[in-house]
1. In nanometres, what is the gap between the two model label sites at Asp154 and Leu172, each 7 Å from Cα along Cα-to-Cβ?
2. What part of the accessible area of the range 44-165, given as a whole %, is carbon or sulfur when the probe is 1.4 angstrom?
3. Taking the chain as a Gaussian network, where each spring joins two C-alpha atoms under 10 Å apart, which residue of Asp31, Asp192, Asp48 fluctuates the most?
4. Gain in length, Leu15 to Ala218, computed as 0.36 nm per residue apart minus the alpha-carbon separation, to one decimal in nm?
5. With a 10 Å radius around each residue's Cβ, average the other Cβ atoms per peptide and rank 63-71, 13-21, 196-204, highest first.
6. Calculate, for the range 40-136, the solvent-accessible area per residue in square angstrom, rolling a 1.4 angstrom probe over the heavy atoms of the protein chains.
7. Would you grab the residues whose amide H sits under 5 Å from the one on Glu200? Only those 5+ places off in sequence or on another chain, please, with H modelled 1.01 Å from N.
8. I want to verify a result. In a Gaussian network model of the chain, Cα cutoff 10 Å, which of these has the top mean-square fluctuation: Leu170, Leu135, Leu118?
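The values are calculated or read from the model by the stated rules, or taken from the named source; none is laboratory data. Everything numeric in this text was worked out from a predicted model, so none of it was measured. Here Cβ is always computed from backbone atoms with ideal geometry, including for glycine, and neighbour counts include all displayed protein chains. What goes into the accessible areas is simple: the full protein's heavy atoms, side chains included, and nothing from ligands, DNA or RNA. Shrake-Rupley method; radii C 1.70, N 1.55, O 1.52, S 1.80 Å.
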Amino acid sequence: MRSHIGSYMNTLARLLRGNADHAEDFQSRFDEVQEGQRPEAVTVCCSDSRVLQDRMWNNDDPGHLFTVGNIGNRVVQRPAAPIVSGDVLYPLAHTGTETAVVVGHTGCGAVTATYDALTGGVSDEPGIEHCLDLLRPHLEPGVGSLPGDLNRADAINHLVEYNVDRQVELLLESDSVPDGTDVAGVVYDFQDVYGGKRGEVHVVNVDGETNIARLRDAHPEFSDRIRRLWEY
């Protein structure tokens, strides 16, 4: 027990030293947002520790992004009747935010666990099972549609895209999301899957459109970042 406490305190001490540097750097950066927020976008990312929500956009500005993190970059909180989660909906409904970005990532553990549950069955703690159950009905059709020649890693990365597409679709179809909200789906790659630099974000879906050619025609300003593994 004593060893465990020592490790905990060392970890906390390191975090607090990092926060001291943060507080020193950010002394004046909260001046414009102390009384409220109007973030430009809400990003819905997986809570994987390798997915750095603000840093992936090179963002150091408080109030610029409303960041949501959970297992599997989900936008819903109920499995039976999909309801957009309050943490995703809040900035769209109350702070004037007009853009939502669903951010999947290569090698996603939540997608992997859901894939395993659908293809062979796995069990986990109830809270984790609940999160996987929120993904399961949306990923099940994708598992059945996977190309037959994929290895396990490729199958999972195809499903990462498929999951992003389904979460975008849920936002677009929800009556709770304000009309005119722009919704994009992207994949954060730190495993050399898309052939770019590690840490690059690749656009796979814009407002429900997933066809690469049409996306590139419609968005020449970032056409070089539009890439997909799976067009189905």
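1. 2.7
2. For the range 44-165, the apolar C and S fraction of the accessible surface comes to 49 percent.
3. Asp31
4. 68.7 nm
5. Highest mean packing first, the order is 63-71, 196-204, 13-21.
6. 44
7. For Glu200, the qualifying residues are Asp189.
8. Leu118
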